[in-house]
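A quick write-up on the structure given underneath.
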Amino acid sequence: MLPPLRVAYFTMEIALRSDIPTYAGGLGVLAGDLMHSCADLKVAAACITICWQHGYMRQALRPDGTQSYEDIRWVPAEHLQKLPARVTVEVEGRTVHVGVWEARSGNPKSGVPVYFLDTNLEENAPEDRAITNHLYGGDQAMRIKQEIILGIGGVRMLRALGYEEIGTYHMNEGHSAFLTLELLKERGFKDEDVRPSCAFTTHTPVKAGHDVFPYDLAWKVVGSMLPWHIKSLAGEDALSMTQLAMNLSRYTCGVSQVHGHVARSMLGNQAIDAITNGVHHVEWASSEMAALFDREIPGWREDPQLLEAKSRDLQDEELWSAHQKAKERLIALVNRVAPVPFDAHTLTIVSARRVVPYKRPELLYTDIQRLREVAGGKLQIIHAGNAHPDDRFSQEVIMRMIERSRELKDSVRICYLPNYNPDLAKVLVAGADVWLNTPMRLHEASGTSGMKACVNGVLNLSTLDGWWIEGYARDHESGWRIGPMAQALDAEDTRRIDAEDLYTQLQYEVIPEYQYPDRVRWIRRMKRAIGLMGYFSSHRCVREYLERAWKN
Ligand SMILES: *Cc1c(COP(=O)(O)O)cnc(C)c1O
């Protein structure tokens, strides 16, 4: 038997290290950062996830702007440690064997263990070996099978590994909600005996983002693991993983304060709390910035709050020079692919994120003539972002971006970098001057890339949504907001207002401050941005989870 766990953290994806590609995007990056903080803070935690053969896919861009995606070949045995434990689960009435691999965050022996469940075993039928093939791939039946492995297989695996006492089973998104079915079975099908052990974080402010399965399909795939009262737990008409998770959790939260409001009204549950996401301050600081903090703010690695107290004492020249080195690295990377060379002395805006409509990736290009006037040789722009491989919207956006980069090359340099992933993100969030984010209000649950920019002294320029409402409110000097707080009634009106404000901010605030002699005001803002990391670190986030979600 192993020592008690304060929390078993279940997540469909995790970006633990860049050589383990079992993630797709922000959700996995967040899980990785939280586990790193758990390791640092010596929280007795373990993480349950899946050993995806194909998680992250590599994006390539052709010169005409069309994209292709290719699977990354990786061999788990070269990156993870195989453990002997085995469990079985029932899928469509068949017995499926589940194996497990381990990696740790932090110390390889004493750090937080991450268990990767795997059905790619010889004793399984080919169709069942394929269950852990593709993260978010396949049809609804496949998704249910994957969620059986994660939830039911995950709890059984914890038992097989020797974990008996677990304070909280945490569901990071609804994907792992079937863990409640195994707990119900273990505890005599008494909801009131399961609920005190479970907590749930919802991440998705749009209805379509939640897993909902027809009951006939769920019966066929999950079978007798569905309890008789499933409809009272997961919804009358269809099985909602969010409802199931929420109804069997003692604690549910959203991932920013504004997302808490959205989740309360969307899910009709006034008890939903909010814990704003955070990022791991050491993971995301450039080596130059980390070296500067090591010299000037000793102890920042253990206690990121020191950044808030002490960032204002940093020397202007040293801070600027650490930033410039990170920027030069980014510019060198850009210049391997850019059609016109970028330079390290021009104001550089980066906008990198998944290409989806609500993030309005083309807001900056609403009025090309206006952009030309505002930019006039004083601006260079870097974009990056992947999309679902067969997403038409993103194909067209990226093609237009490439076209525009040619059309505008005399007044503003634009480059689209392929293959946005955490390694590239590290270079981007450190080397930008300005981090641009333009989501439609109330659509961004939190966003975390802007926090990564902060620790590097990079200034956010963003609409007020998700975490930035809180970041901007904490310190107006740490960046700029785009548009008003409130959403206009009509999306097109809002878009026009936001675009106009974006140009105005650039023309009268951002560009002049960057060009001001010695950049006094700019560098002061950089210190303020670094100061925000005192709050928006995953250390603070984990402490809030400990106090509210993982208490006992
Ligand atoms: C941090 C990160 C994200 C999440 O950032 P957003 O602000 O939500 O866009 C997504 N993808 C990668 C590769 C990241 O590093």
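The values are calculated or read from the model by the stated rules, or taken from the named source; none is laboratory data. Treat the numbers as computed from the prediction; the structure is a model and nothing was measured. Please note: Cβ atoms are built from the backbone with ideal geometry, for glycine as well, and neighbour counts cover all protein chains shown. Please note that ligands, DNA and RNA were not included when accessible areas were found on the heavy atoms of the full protein model with its side chains. Shrake-Rupley method; radii C 1.70, N 1.55, O 1.52, S 1.80 Å.
Summary of the geometry: region 172-190 and region 327-383, compared by the centres of their Cα atoms, lie 47 Å apart. Note on A486 and R250: the extension gain reaches 81.7 nm, defined as 0.36 nm multiplied by sequence separation minus the Cα-Cα distance.
So what does the Cα-only Debye profile of region 115-242 read at q = 0.12, 0.17, 0.20, 0.23 Å⁻¹, as log10 I(q)/I(0), no solvent term? Relative scattering, expressed as log10 I(q)/I(0), comes to -0.46, -0.96, -1.33, -1.65. Within the full protein context, the accessible area of R264 is estimated at about 50 Å² for a probe radius of 1.4 Å.
For region 23-164, the square roots of the Cα gyration tensor eigenvalues, ordered a ≥ b ≥ c, give a/c of at least 1.5 with a/b no greater than b/c, which places it in the oblate category. Magnitude of the charge dipole for region 388-475, about its Cα centre and with charges confined to Cβ atoms of Lys, Arg (+1) and Asp, Glu (-1), is about 160 debye. With the cut-off at under 16 Å, measuring from each backbone N in region 70-85 to a point 7 Å along the Cα-to-Cβ line of E122 picks out 84.
Between F393 and I72, 0.36 nm times their residue separation minus their Cα-Cα distance comes to what?
Values: separation 321, 0.36 × 321 = 115.56 nm, distance 2.38 nm.
Contour length minus Cα-Cα distance gives 113.2 nm.
What is the calculated FRET efficiency for T95 to W219, with r their C-beta to C-beta distance and R₀ = 25 Å, to the nearest 0.05? Present the calculation step by step, with values, prior to reporting the outcome.
Working: r = 18 Å, r/R0 = 0.72.
So, using R0 = 25 Å, E works out to roughly 0.90.
Which of the listed residues, G377, S538, I523, is farthest toward the dipole's positive end in the chain, when Lys, Arg count +1 and Asp, Glu count -1 at the beta-carbon? Towards the positive end, the residue furthest out is I523. For R521 and R195, a Förster radius of 51 Å and the Cβ-Cβ distance give a FRET efficiency of 0.45, rounded to the nearest 0.05. Using C-alpha pairs under 8 Å with a sequence gap of at least 6, the mean separation divided by the residue count of region 81-140 gives a relative contact order of 24 percent.
Rounded if a/c is under 1.5, else prolate if a/b beats b/c, else oblate: with a ≥ b ≥ c from the C-alpha gyration tensor eigenvalues square-rooted, which is region 174-262? It comes out oblate by the Cα gyration axes.
Here region 281-536 was treated as a single set of alpha-carbon atoms; its pair distances binned every 5 Å from 0 give 1, 6, 14, 18, 20, 18, 12, 6, 3, 1, 0 percent. The gain in end-to-end length when the S287 to V337 segment is fully stretched comes to 15.6 nm, 0.36 nm per residue minus the alpha carbon separation.
Using the Cα centre of the chain as origin and beta-carbon charges of +1 (Lys, Arg) and -1 (Asp, Glu), tell me which of L330, S462, W228 is placed farthest towards the positive end of the dipole. The residue sitting farthest along the positive end of the dipole is L330.
Where does the chain land at 222 nm, in deg cm²/dmol rounded to the nearest 500, when only DSSP H runs of n ≥ 4 count, each adding -39500 (n - 2.57), divided by all residues? Working shown, then result.
On the way: 23 runs with 206 residues, N = 552.
So the calculated ellipticity at 222 nm is -10500 deg cm²/dmol.
Just so you know, the Rg over Rh for the chain is 0.97, from Cα atoms, with Rh as the Kirkwood radius.
Roughly what % of DSSP beta bridges within the chain run antiparallel, to the nearest 5?
Values: 23 of 69 bridges.
Close to 35 percent.
Probe radius 1.4 Å, ligands and nucleic acids ignored: give me the carbon and sulfur share of the accessible area of region 281-536 as a rounded percent. Display every interim value, and only then the final one.
Values: 5120 of 10110 Å².
Of all accessible area on region 281-536, carbon and sulfur atoms account for 51 percent.
Could you tell me whether region 465-530 comes out rounded, prolate or oblate from its Cα gyration tensor? Rule is a ≥ b ≥ c as square roots of the eigenvalues, rounded for a/c under 1.5, then prolate if a/b exceeds b/c, otherwise oblate.
Working: a/c = 4.49, a/b = 1.55, b/c = 2.89.
Because a/c hits 1.5 or more and a/b fails to exceed b/c, region 465-530 counts as oblate.
Each Lys or Arg adds one and each Asp or Glu takes one away; over the other residues whose Cβ falls under 11 Å from the Cβ of A125, this sums to -3.
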